[in-house]
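Chemist: Mind having a look at this structure? Questions to follow.
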Amino acid sequence: MNPLYLEVAVVILGLLLLVAESFAGPGRKSGIAHPAITGLILIFIATFWVNPAALDASAPYARFYSTDSLAIFFKQIALLTTIVVLIMAQEFAPVVEANLPSSRRGAGLGEFYALPVFTCAGLMWMASAVDFVLIFVSLELVTISFYILVSYLRHDRLSVEAGVKFLVLGALSTGFLVYGITWIYGVTGQTNLNAIAAVIPALKVAAAPALLFGLGLVLVSLGFKVAAVPFQFWIPDVYQGAPTPITAFLSVASKAAGFVVLLRVLQTFVVVPYLQEKILPLMALLAGVTMVFGNLAAIPQSNLKRLLAYSSVAHAGYLLLGVASLGAPFVGSAILFYLGAYLLMTLLAFLVMTIVAKAVGGDDIADFNGLNQRAPQLAFAMLLAMASLAGVPLTVGFLGKLFIFEAAYQQGHFVLITIGIVTVAAGFYYYLKIVRAMYWQQAADPDAPGIPVGIAARITIAILCALIIWLGIYPAPLLSLIH
């Protein structure tokens, strides 16, 4: 099957959802999620039958679009994340409806299910982008969709505030990206990453400052996307104000797409030793600062969304440690394994949070007090997610960190490994605060009824829990998929 058909199918699915939404009555728009989830599952299955050779290498689009294994793996991450986000959106639908005026109840759900599908298409194009032009276009498709989704609860002050902050800082990062691409094009005369990699070795040394300046601007923009310090300041407010399913989408899919672009860009420039000597130490410095700040900032948080926001900054630091270790024999597999692990444990945490917050009306850590008494299955799922995020052995999160540290060890980053181990220990403290609340704190209302969970959400939670344990004990299936 031609790889281009994947994105085409996702876009067609999104258009069909918009058409169906326009004809569906106010009380029937919630049903749009079912064909969206089904369609994305079918497209995900189709990714295993993609034939990269079916892409016409002589076609004009071939210079923009790659079908390597890295692209296919990130397409699968984007599709899986979107499927789980849509399942979360079904659970979150009552909150969306409650945020609307009574005359509009039931009329605001259609786009809430359709826009993530278009976002998924942009993420898939980003995964295959090997030209700055396609990188920019697909990034804007993703970003504009997120502008709308983050501020979707437009009658909620926090959601509107989050949308405005995300819009302003997103526009700023886009400006850095375009200006950086302009400098790189001015030096090399190319926008295609493969062509740039071929031109760079022949450039004069005098061109290095301009090239590094352009690359630095691009890295600043990507630093916003992956939430690396010091470009992370939008994270806590946007994560807290956005609808919970969209927060999960930002945390997983957007970060993964940012890292795939970062990997492609850096692999283009580190072909020259004098550029590699400048770039990789900078990545190492960013990794160390990001790990320390993310973990320290998460410790005093009392709101679970803000805690997971700073946690995502910390995990960006561990991933940047892998990026700084480019050149290690298996560093690519280590980064991809970590991203796959991060997908599983973060989506599980946000899915449980969505269900609990809908039932109790809040997402503070105190709202999870006594959860084990009301919903022991949900409490266990959150316990497993927190344990994996912290890096407890026999979970997939532990192996993800282990592989990253091993790659860093091969490159001699002993100071960064020490920082990583200390910050992982700090992570145990704030992740286990949620566990303490669920199992050792008394619920505000001991006689409160159990928390209902939809069938799709129940199945998804079971699958995510099983994968976190299974891949933590036997990681071969995920490693095989990566290879």
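The values are calculated or read from the model by the stated rules, or taken from the named source; none is laboratory data. Just so it is clear, the model here is predicted, and its values are computed rather than measured. Note: ideal-geometry Cβ built from the backbone for every residue, glycine included; neighbour counts use all protein chains shown.
Chemist: Which of the residues that make up segment 368-392 are in a loop (DSSP other than H, G, I, E, B) and either of a type in the set (Val, Ile, Thr) or at pLDDT 90 or above (or both)? Full working, then the answer.
Modeler: As a first pass, look at segment 368-392 and keep what is in a loop (DSSP other than H, G, I, E, B): 369-370, 375, 391-392.
Selection gives Val392 alone.
Chemist: Another question, then. Show the residue pairs meeting these rules: Cβ distance below 9 Å; 6+ apart or different chains; first residue within segment 134-150 and more than 29 Å from Gln190 (Cβ to Cβ) and without any contact (Cβ under 8 Å) to a residue 60 or more places away in the chain; second residue part of a helix (DSSP H, G or I) and of a type in the set (Asp, Glu).
Modeler: Ile148/Glu111
Chemist: Hand me the list of helices (runs of 4 or more DSSP H) wholly inside segment 1-98 holding 1 or more residues that are closer than 17 Å to Phe112 by Cα, polar (S, T, N, Q) and at pLDDT 80 or above. Steps first, please.
Modeler: Values: elements: 4-23, 33-46, 69-98.
Hits in segment 1-98: 33-46, 69-98.
Chemist: When you check Tyr439 against the structure, is it farther than 19 Å from Ser325 by Cα and among the hydroxyl-bearing types (Ser, Thr, Tyr), yes or no? Outline the logic, then answer.
Modeler: On the way: farther than 19 Å from Ser325 by Cα: yes; among the hydroxyl-bearing types (Ser, Thr, Tyr): yes.
For Tyr439, the condition - farther than 19 Å from Ser325 by Cα and among the hydroxyl-bearing types (Ser, Thr, Tyr) - is met.
Chemist: Moving on. Between a first residue in segment 404-429 that is assigned by TED's automatic domain parsing to the domain that holds Ala284 and a second residue that is of a type in the set (Lys, Arg) and surrounded by 19 or more Cβ atoms within 10 Å (Cβ to Cβ), which pairs have beta carbons less than 8 Å apart while being 6 or more apart in sequence or on different chains?
Modeler: As it stands, the answer is Gly420/Lys401; Val424/Lys401, since those pairs meet every condition given.
Chemist: Among (1) modelled with pLDDT of 85 or more; (2) within 30 Å of Thr67 (Cβ to Cβ), where does Leu479 come up short?
Modeler: It is condition (1) that Leu479 fails.
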